[in-house]
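Participant: Below you'll find the structure I mean.
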Amino acid sequence: MTTSPHQAHDEVIHAEHKEALARGEARVLYLTEDGMLHSYLKHELGGPPNGPKHWWVNLFQLAFMVGGVALGVAVVVEPTLSGGEPYWRGLIAVGVFLPGVAACLWFTTADYRAQRLRRKRGTPNPLRISGAKTKVPEAYTESMPTRAL
């Protein structure tokens, strides 16, 4: 049975990955955007695999979350400016949006650092899965063994 060039590449990557693990490096096998297998450092992957392709996309989500926190604070503080009692229920919005701010900051920072590290090391970008309709690149499916059902 002959092996395709893609299968040979996968075998080489698996061997390099095992050697890196034996040296004590924290590595993850993951697909690149082109569908090729690659051994990434953990910090090269960044945020979640279903996250956006570019780190700056998280800034829009972050702006929305910060706006929600600001609105919650404004709802609490605004009545006191006109001499009334604070509307403490506005803190619910702060409590809802503040974890979102923290998550967006973490994702944005992790994605930015990962992208910077990948550029420095010349590593290809990982495949980002952005929904159920995303197709695995054809180059990857070529080497997949077929099973008889």
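Here, each number is a calculation from the coordinates, and none is a lab measurement. This structure is a prediction, so every number in the text was calculated from the model and none was measured. Every residue, glycine among them, receives a Cβ derived from its backbone with ideal geometry; neighbour counts consider all protein chains shown.
Participant: Using the Karplus curve 6.51 cos²θ - 1.76 cosθ + 1.60 with θ = phi - 60°, work out ³J(HN,Hα) for each residue of segment 106-116 in order, rounded to whole Hz, and write x for Gly and Pro.
Facilitator: 5, 4, 5, 5, 5, 5, 5, 5, 5, 5, 5
Participant: Which number do you get for Rg(Cα) / (2.2 N^0.38 Å) in segment 1-127?
Facilitator: Normalised Rg, Cα atoms only: 1.61.
Participant: Once the piece of chain linking TRP106 and ALA74 is laid out straight, how much longer is it, given 0.36 nm per residue of separation minus the C-alpha distance between them? Write down the numbers at each step before the final one.
Facilitator: Working: separation 32, 0.36 × 32 = 11.52 nm, distance 2.51 nm.
Full-extension gain reported as 9.0 nm.
Participant: In whole Hz, with x marking every Gly and Pro, tabulate ³J(HN,Hα) for segment 32-45 from phi via Karplus 6.51 cos²θ - 1.76 cosθ + 1.60, θ = phi - 60°.
Facilitator: Once θ is set to phi - 60°, the couplings for segment 32-45 become 7, 4, 7, x, 8, 6, 9, 9, 9, 5, 4, 6, 7, 7 Hz.
Participant: Could you tell me the center-to-center distance, by alpha carbons, between segment 4-36 and segment 76-96 in angstrom?
Facilitator: After rounding, the separation between the Cα centres reads 54 Å.
Participant: Against the 2.2 N^0.38 Å scaling, with N counting residues, where does segment 47-118 land? I'd like the Cα-based Rg ratio to two decimal places.
Facilitator: The value comes to 1.43.
Participant: DSSP loop trypsin sites (Lys or Arg not before Pro) in segment 32-101 with at most 10 other Cβ atoms within 10 Å of their Cβ, which ones?
Facilitator: Counting only loop positions with at most 10 other Cβ atoms within 10 Å, the trypsin sites (Lys or Arg not before Pro) in segment 32-101 are ARG89.
Participant: Taking amide H positions as placed 1.01 Å from N in the peptide plane, with prolines and chain starts having none, which residues 5 or more places from GLY46, or on another chain, fall under 5 Å of its amide H?
Facilitator: none
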